[in-house]
Each structure stands twice: as structure tokens, then as C-alpha cells.
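Written below as C-alpha cells is the structure these notes are about.
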Amino acid sequence: MNKTVPALLFIFLFITSFQQPETGNKSLKAPTIINKSVKARIDATLKSFVDSGKIAGVSALVFEKNKEVYYNAFGYADREAKIPMDRNTIVRIYSMTKPVTGTALMMLYEKGAFQLDDPLSKYAPEFADMKVYKGVDASGNLILEPVKRPITIRDLTRHTAGFATSTDLPTELSELVSKTNAMNQNNTLSEMAKKLASLPLLFHPGDQWAYGPSVDVQAYLVERISGKPFDQYLQENIFDPLGMTNTRYVVPENDRKKLAAMYRTSNSGQLTHVPDDENTFNIKDWPLKPGGFGLTSTLDDYMKFARMLVNNGKLGKATILKPETVKLMATNQLSESITQRMWLPSKGQVGFGIDFAVRLRSPASKEENNGVVGEFFWDGAASTLFWVDPVNEITAVLFVQQMPFYGKLHKSFRDAVYGAYKPQ
């Protein structure tokens, strides 16, 4: 036997002991993001918005690698009543209801109740034979044409169904949408669906991305397929298993003092308290339980939902979704051929998955929202925000009650978490 072989083997082992593991190795963890200086930066950022009078109050909660690494609150939940913002404050989360609805729908998908490319009309026959608006004739009558293909459930989950609900509709179509009033809070989901199905579409399914009532129709589907009222389905299948004890449509009377006031900024920058009688949706049990908005929640409750997602569908003993379902939801569903995307590009370098925006590329400039490729997120009309960063195992929830939508706050909060923009 050649005596040099053991020596060569020893040299090989010695050299390889200094090599770094491959990036795909699960033992190689991403570096910690939220350290002492980052916490101070978040504090200073959020406090500055309150001190400047641009918002009445704000709170934020961040988890990293399943540990709470940041919480703080500044200002007031109700400035006039001098009630401070804190982690028990209940806020109206508006469109942050949508990912909850998508989760409910995808739980039924996992059971084989439907396929994403099934026609919507297979489960909701009122949406058969839809027509698309093409203008008006000389007499002022609507010109309609049959859809090129049916609305699919995938269209509902990615906002490509074609529903006519934008604020800049042609006059005749706008008047019809207003008269039909599908989203009236006195409508049940079934009544909402019938009224919505009676309207012509603004574009052919799959042609554009346009925000609208698609997720409310998802809630109707959950109700139809499960045989349970939508709010009951959420309670039994998501809220109870995750311990989300303060997430609901109707805030009970004994918790009303925890419900944050709503504020509106005028064109001159003046911050005003929205009268309580303009915010009755969450203090009365209306027939409509929408899938696209309407829930109230607390920081800790919504964080449980976000952590379930970053943990691939599980939190504690609760299993809500399978890992492959979470991955599907967090995968872009918009092809490059869908070029008309309403205001979605304002969210940054994103596509859209199943009820989430999905970050596809790093920010192209310092003006864009910061974030990590692979992140999925959404926000609400009153300027609330959450995101899931699976790369760094970060979940963040930001609560405020500010209208109109205040994107600058989101931009600043993201920069405080991740640091200043760095060109790629």
C-alpha cells in the first residue's frame, strides 16, 4: 500500500474543514436584522410621524425567527379622549382582511373542493354568461359583448376578474354600478353576488389587474362550498385555532373603548377625527360580512396570522395550511402579458399571488418601498400594513388609523427595518 495515501487524505480533510457550507444548507441562517440600533431607528421613525402631527398614533410589532424582537407604540388611539395607542388597541384592518379570506378559500382548495382554473360559474351559477362593457350606442344604451373566457377562481384570487368598480368608470357604467349597489352593508354575501353578477365587466377576464370586489366573491364561495356563514367559517377554522381572540367583524360593546378612532388628513395637511357615526360598520351586526374588508384586529392577533404564514402554515399546535399551499399563495400569478395593473406598480417591484402582493425584484431606486425578494404582503385603506419575509424569517405588523392611505409611513417603516436603499 502506498504510504502517501493517508497523508493526502489528511491534507484533503484539513483543507475542506475550512470551506463554507453551501447556501442551500439549512444550518446556514440569515444574519439577524433587528438589532439594538435598528430598534432605535424604528422608534425614531415612528415617533417622528406622531410628533410632527401627521398621524395621531401608531404601533408596530416585529418577530424574527419566531421571537418578538420589536414592539412599541406612540401617540394616541383616540387623541381627543387621550387614550394612548398600545398593543391592545383594536383597529379596522380593511383590506388586510383579504389575505385571511384567501387563506379560508385555500383551506377548501386543499380538501379538493375546487381547482383554481375552474370557472366561477361552476360554484356560483349567477356568474355564467357574463358580458363586457364596450361603450354606448347613439341612443345611450350599453354595448356589451360576451366574455372571451369565463371568470375563473384564479382570477378572483389575483384581481383579474374584470369587475367594474373603479372610480374612473365611463359615466353610463358608473351610474349602473352605483344604482346596483352590490356592496351595500345590508346585503348578504348571496345578495351581493347576485347584484355583482348582473353588472357588465369592465374588461375581459385575465386581461388586466384591477382591484375590486373579487375577494368578496371569494368569501361567497367559501360560504357556498362550506355550507357555513363566512364569519362562522373564519372563526372555527382560522381564528379559534390560532388563538386570534380579538379579530372579528363586530366589536362587542365592552371592547369599544379599545377601538381606535379614525383620522383623516385634509388637502392642507390638517388631521381631523372622523365622526363616530361615519364608522358604524364594526359596531353593528350588518348582514354583509365581506371578504375584502371589514375585520378588526389587534397587533398580537394579526401577528399570529402572519407567523402562521412564515412557518409554512403552522403555529403552535394549529395547522392551517400545507407548506406547498403557502408557497403557491406567495408565488406570482400575473403573467407579463397583463400590463395594465392599476396602481399595483406603486407597491414596488411586485407581482401578485393569491391575495398577496409578491416581491419579485429588489427596489430599483431609493424612492421605492424597501423589501426582500420573496416577501409577500398587503395593507389596508386606513394605512395598516403587514409583511412576511421568509428569507430572514421576519413578520411585521404596523397599525395606524389614517385616511387617505399614507404610503410614506410604510416607506419610512420599511427603511427603518431594513436600512437605507442600496443599489444592487
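The values are calculated or read from the model by the stated rules, or taken from the named source; none is laboratory data. Everything numeric here is computed off the predicted structure, so don't read it as measured data. In this analysis, Cβ positions are derived from the backbone assuming ideal geometry, glycine residues included, and neighbour counts consider all displayed protein chains.
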Does residue 99 satisfy the condition of being modelled with pLDDT of 95 or more, within 25 Å of residue 322 (Cβ to Cβ) and either surrounded by 13 or more Cβ atoms within 10 Å (Cβ to Cβ) or outside the structural domain of residue 54 (by TED's automatic domain parsing) (or both)?
yes
Check on residue 118, among the acidic types (Asp, Glu), without any contact (Cβ under 8 Å) to a residue 60 or more places away in the chain and either surrounded by 13 or more Cβ atoms within 10 Å (Cβ to Cβ) or out of contact with any Pro (no Cβ under 8 Å at 6 or more places or on another chain) (or both):
yes
Looking at the range 376-394, is at least one residue on the phi > 0 side of the Ramachandran plot and assigned by TED's automatic domain parsing to the domain that holds residue 295?
yes
At pLDDT 95 or above, among the acidic types (Asp, Glu) and touching a Pro at 6+ places or on another chain (Cβ under 8 Å): which single residue out of 223, 236 fits that description?
223
Pick from 243, 291: which is under 22 Å from residue 388 (Cβ atoms) and either crowded, with 22+ Cβ neighbours inside 10 Å or in contact with a Gly (Cβ under 6 Å, 6 or more places away or on another chain) (or both)?
291
Regarding the range 185-193, can at least one residue be identified that is buried (at least 18 other Cβ atoms within 10 Å of the Cβ), in contact with a Lys or Arg (Cβ under 7 Å, 6 or more places away or on another chain) and farther than 16 Å from residue 291 by Cα?
no
With respect to the numbered conditions (1) at pLDDT 95 or above; (2) more than 24 Å from residue 378 (Cα to Cα), which one is the sole condition not fulfilled by residue 137?
(1)
Limited to the range 119-136, what total is found for residues that are assigned to a loop (DSSP other than H, G, I, E, B) and within 16 Å of residue 213 (Cα to Cα)?
2
Where a residue in the range 223-242 is in contact (Cβ under 8 Å) with a residue 40 or more places away in the chain and its partner, wherever it lies, is among the basic types (Lys, Arg) and part of a loop (DSSP other than H, G, I, E, B), with Cβ under 8 Å and at least six apart
229/289; 230/289; 231/289
Listing of helices (runs of 4 or more DSSP H) fully contained in the range 137-217 that carry 2 or more residues being outside the structural domain of residue 284 (by TED's automatic domain parsing) and free of Cβ contacts under 8 Å to residues at least 60 places away in the same chain:
171-180, 189-197
Taking the condition of being in contact with a Leu (Cβ under 9 Å, 6 or more places away or on another chain) and of a type outside the set (A, V, I, L, M), how many residues in the range 326-347 meet it?
3
Which listed residue, of 147, 69, 91, 62, is touching a strand residue (DSSP E or B) at 6+ places or on another chain (Cβ under 8 Å), of a type in the set (Val, Ile, Thr) and farther than 30 Å from residue 261 by Cβ
147
Can residue 223 be described as among the charged types (D, E, K, R), farther than 16 Å from residue 77 by Cα and surrounded by fewer than 17 Cβ atoms within 10 Å (Cβ to Cβ)?
no
Give the residue that is nearest to the chain's Cα centre (by Cα), with candidates limited to residues of the range 358-408 that are part of a strand (DSSP E or B) and more than 16 Å from residue 61 (Cα to Cα).
376
Taking the residues in the range 296-319 that are of a type in the set (A, V, I, L, M, F, W, C) and touching a strand residue (DSSP E or B) at 6+ places or on another chain (Cβ under 7 Å) as candidates, determine which candidate is nearest to residue 384 (Cα to Cα).
299
When you look at residue 396, is it surrounded by 23 or more Cβ atoms within 10 Å (Cβ to Cβ) and under 25 Å from residue 43 (Cβ atoms), yes or no?
yes
Would you confirm, using the coordinates I've provided, whether residue 327 is of a type in the set (D, E, K, R), more than 12 Å from the chain's Cα centre (by Cα) and at pLDDT 95 or above?
yes
What do you reckon, is residue 277 more than 15 Å from residue 388 (Cβ to Cβ), acidic (Asp, Glu) and surrounded by 13 or more Cβ atoms within 10 Å (Cβ to Cβ)?
no
